[in-house]
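Trainee: Below are the structure tokens for one structure; questions will follow.
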Amino acid sequence: MQYRRPSPRLWLARQAVLGMASLVLLVFLGVWGGLLWGGPGGLAGIGAGLALAAGSWLVERGRYRSWGYLERDEDLVVQRGLVFHRLTVVPFGRMQFVDVTAGPVDRLFDLATVQLHTAAAATDARIPGLRSADAAQLRDRLATLGEARASGL
Amino acid sequence: MPLATSQAPALSGTWCRLHPLSPVARIGITLGALLLAGVSLVSGAQTSSGRTAEALVVAAVAVLGMVASVVSWLVTRWRVVGDELQIDTGLVYRQSLRFPLRRVQAVDVVAPLTARILGLAEVRVISAGTGHRQHGRLAYLSNQDAAAVRAQLLALAHGLAAETPEPPALPLFRVDNGRLIAASLLRGAWLLVLVVVAVGAILAAGDPTGAGGAVRQGGADAATSLITGVVTGLFALGLDAARSVNGDFDFTIGHAPDGLRLHRGLLQKRHETIPYGRIQAVRLIQPLLWRPFGWARVELDVARQPEARRQGEARQLAHLLAPVATLEQARWLVGQVAPGAPATLARAGAPPRRAWFRAPFSYHYLSAWHDARWLVTQTGRVRPATVIVPLEKVQSIRLSSGPLLRALHLANLRIDTAGRRWVAAAPCRDADEARALVDQLGGLAWRARRLSW
């Protein structure tokens, strides 16, 4: 029983977003430091920006690595979280509907998020960063399984 | 379309209107208030044209309201076809509502004051669909029609023939009205008022000592505003208590083969029927101020539409099993609704001792236990609550742990049910035990679902 992971493209997408944000941050901190304290200030600003970017990169990587999902005979298990671990088990018979969403960045990288909904509001089973074809496949598979095992409320 | 006074044809598939007095019942109170306002305006008028204009406006509003409710009555029709309740309504936006009766979660009969005076009642069908906002509402039918409609809807919901007469209910439990009133007055908010009064008194007493007139004046001002605030708070509390007494007066539970029958209300009477299989969770709560008296409240949850919560209807839909009862009675009631499930937990279900570091105050109340059919959890220090979930109703299981919990090798376990109001939480379990429990509960829930078919 091996947990399946989101596509490595998710990591690419996250890094791209992170890179853009870091670039803006670096320029901003560099200019700000430079204006306040001249040359050394600018360097310090850039250094701080780099440190921040490196830190967020590490956190993002941990987050990306923490995602995992597992289809078992009767239920789906989703785990996530770097600092706060979360594990959610949803029986197939309890699924009300499955939806697939893809934001602009996701679409750029051909990714999609599969979300499971049950009759309980608190259920938070979500699998991000699947290739859209895989996501569609998973959605159909889940829907079929859910239908076969559906039980009344 | 015939103006049938009896609703029998609607139950056999003919379109029918609601009771002809429905428009009156619906706007009864508003209309009365408007008429009163109009009369007082006219009688107080000294032939000044301004007053007459105001009276005319009031009259116009009243007439408009009346016309609107008559029109809404004219365009609303309903019937039961096969095992489906159909309601067509709306003049500008036509709405066709269909309620599959096999999905019915509960059927309520509600009679607000004006409707009660006219001998009318509203039938409310609560289903678990997620699509549209409304419950099936038939406002209003005459009392005996409402009872007949309820009996038939429930019979159909249980897959029986429509003509099945309503099975008789055995009285199960009755809430003492005196205790209800006492319990409504014992709210935690009183403590807040007391604290405010105490703080205010100390401030007011400390302020003017050895000071001049100006400061004394300030103290008096503070006292006045304090008194105003306290009076307002007391008024709100009294109103709240009055509302809960009004809603839960003469609370009786009956036990019928097709479900639990709840009757309650002083001015507005409610009759609720909850089929046994629809109960998603039962909860037993002991509010802080009730504990010296050994009182508890028992609530139960049925699946409902997600929007109901936002519409402020949650209070009406929250099914109380007993607004107040002694602990013994409460436990007995829980046993009636959830046979075999204990309403008290042995300390055997307690989390490991190191959980004390994470939850020092509530540690002694934390407990969780399960067998093949039920899951029982207990949480809370100020308001200890016991939640009982039938395993066949489990929607999903969640496990979570933060840095502190992981350092202690603990994890929080949560079990979600379709009732949206609460989850069964088992915080601070041993991490390995919790992980094993997730799989175990999943398997048990699956088996319970299989057996319950």
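Trainee: Measure nothing fancy, just the Cα-based angle from helix A:132-149's long axis to the longest principal axis of chain A, in degrees from 0 to 90, nearest 10.
Mentor: 30
Trainee: Rolling a 1.4 angstrom probe over the protein chains, ignoring ligands and nucleic acids, what is the accessible area of residue B:409 in square angstrom, nearest 10?
Mentor: 80
Trainee: Counting helices only, and only those DSSP H runs with n ≥ 4, report the 222 nm mean residue ellipticity of the protein assembly as shown as the sum of -39,500 (n - 2.57) divided by its residues, in deg cm²/dmol to the nearest 500.
Mentor: It comes out at -14500 deg cm²/dmol, rounded to the nearest 500.
Trainee: Okay, moving on. Pull up all non-local amide H partners of residue A:7: gap of 5 or more, or a different chain, and H-to-H distance under 5 Å with H placed in the peptide plane.
Mentor: Under 5 Å from the amide H of residue A:7: A:130, A:131.
Trainee: Given the options A:44, A:53, A:121, state which has the largest fluctuation in a GNM of chain A using a 10 Å cut-off (strictly under) for Cα springs.
Mentor: It is A:121.
Trainee: I would also like to ask the following. For the range B:61-132, which trypsin sites (Lys or Arg not before Pro) pass both filters: DSSP loop (anything but H, G, I, E, B) and at most 11 other C-beta atoms within 10 Å? All intermediate terms of the calculation are to be shown ahead of the outcome.
Mentor: On the way: sites: B:77, B:79, B:94, B:98, B:102, B:103, B:116, B:124; in loops: B:94.
Sites meeting the loop and neighbour criteria: B:94.
Trainee: Can you compute the modelled spin-label distance between residue B:88 and residue B:61, with each label point 7 Å from Cα toward Cβ, in nm?
Mentor: So the two model labels end up 3.5 nm from each other.
Trainee: Given H placed 1.01 Å from N in the peptide plane, which residues other than close sequence neighbours of residue B:319 have an amide H under 5 Å from its amide H?
Mentor: Here B:300, B:302 satisfy the definition.
Trainee: Read phi for every residue in the range B:231-243 and hand back ³J(HN,Hα) as whole Hz from Karplus 6.51 cos²θ - 1.76 cosθ + 1.60, θ = phi - 60°, with x for Gly and Pro.
Mentor: 4, 4, x, 4, 4, 4, 4, x, 4, 4, 4, 4, 5
Trainee: Note the full-extension length gain between residue B:102 and residue B:201 as 0.36 nm times their separation in residues minus their Cα-Cα distance, in nm to one decimal.
Mentor: Length gained between residue B:102 and residue B:201: 29.6 nm.
Trainee: Can you give the FRET efficiency for residue B:332 and residue B:161, using 1/(1 + (r/R0)^6), R0 = 35 Å, r = Cβ-Cβ distance, to the nearest 0.05?
Mentor: E(calc), rounded to 0.05, equals 0.50.
Trainee: Using unit Cβ charges (K, R positive; D, E negative) and no other charged atoms, how large, in debye to the nearest 20, is the dipole of the range A:1-130 about its Cα centre?
Mentor: Once rounded to the nearest 20, the dipole reads 240 debye.
Trainee: I've got another one for you. What quantity of accessible surface, computed with a 1.4 Å probe and excluding non-protein components, is buried in total between chains B and A, in Å² to the nearest 100?
Mentor: 2200
Trainee: At 1.4 Å probe size, what's the solvent-accessible area of residue B:52? Round to the nearest 10 Å².
Mentor: My reading of the accessible area for residue B:52 is about 70 Å².
Trainee: Another question, then. Taking Cα atoms, how many degrees apart are the long axis of helix A:8-66 and the longest axis of chain A, rounded to 10 and kept between 0 and 90?
Mentor: Helix A:8-66 sits roughly 20 degrees off the main axis of chain A.
Trainee: In a shell of Cβ-Cβ distance under 15 Å around residue B:392, excluding residue B:392 itself, what net charge do Lys and Arg (+1) and Asp and Glu (-1) give?
Mentor: Result for the neighbourhood of residue B:392: +3.
Trainee: Applying 1/(1 + (r/R0)^6) with R0 = 30 Å to the Cβ-Cβ distance of residue A:4 and residue B:439, what FRET efficiency is obtained, to the nearest 0.05?
Mentor: Working: r = 18 Å, r/R0 = 0.60.
E(calc), rounded to 0.05, equals 0.95.
Trainee: Another question about this same structure. Could you order B:107, B:382 by accessible surface area, starting with the largest, using a probe radius of 1.4 Å?
Mentor: In descending accessible area the options line up as B:382, B:107.
Trainee: Considering only protein heavy atoms, with the full assembly of protein chains and a 1.4 angstrom probe, order B:221, A:75, B:439 by accessible area, largest first.
Mentor: Ranked from most to least accessible, the order is B:221, B:439, A:75.
Trainee: Using a 1.4 Å probe on the heavy atoms of the protein chains only, list every residue of the range A:122-153 that has 30 Å² or more less accessible area in the complete assembly than in its chain alone.
Mentor: For the range A:122-153, once contacts with the other chains are taken into account, A:122, A:151, A:153 lose 30 Å² or more.
Trainee: Let me ask you something else. Would you mind telling me the share, in percent, of accessible area of the protein assembly as shown contributed by carbon and sulfur at probe 1.4 angstrom?
Mentor: Working: 18900 of 29670 Å².
Carbon and sulfur atoms account for 64 percent of the accessible area of the protein assembly as shown.
Trainee: If the elastic network links every pair of Cα atoms under 10 Å, which of A:78, A:24, A:114 fluctuates the most in the Gaussian network model of chain A?
Mentor: With Cα springs under 10 Å in chain A, the top fluctuation among A:78, A:24, A:114 is at A:24.
Trainee: Calculate one ³J(HN,Hα) per residue across the range B:365-373 by plugging θ = phi - 60° into the Karplus curve 6.51 cos²θ - 1.76 cosθ + 1.60, and present them in order as whole Hz with x for glycine and proline.
Mentor: Couplings: 9, 6, 6, 8, 7, 8, 10, 6, 10 Hz.
The values are calculated or read from the model by the stated rules, or taken from the named source; none is laboratory data. Small disclaimer: the values here were computed from a predicted structure and weren't measured. A quick note on method: Cβ atoms are made from the backbone with ideal geometry, for glycine too, and the neighbour counts reach across all protein chains shown. Accessible surface is based on the protein model in full, side chains and every heavy atom, while ligands, DNA and RNA are left aside. Shrake-Rupley method; radii C 1.70, N 1.55, O 1.52, S 1.80 Å.
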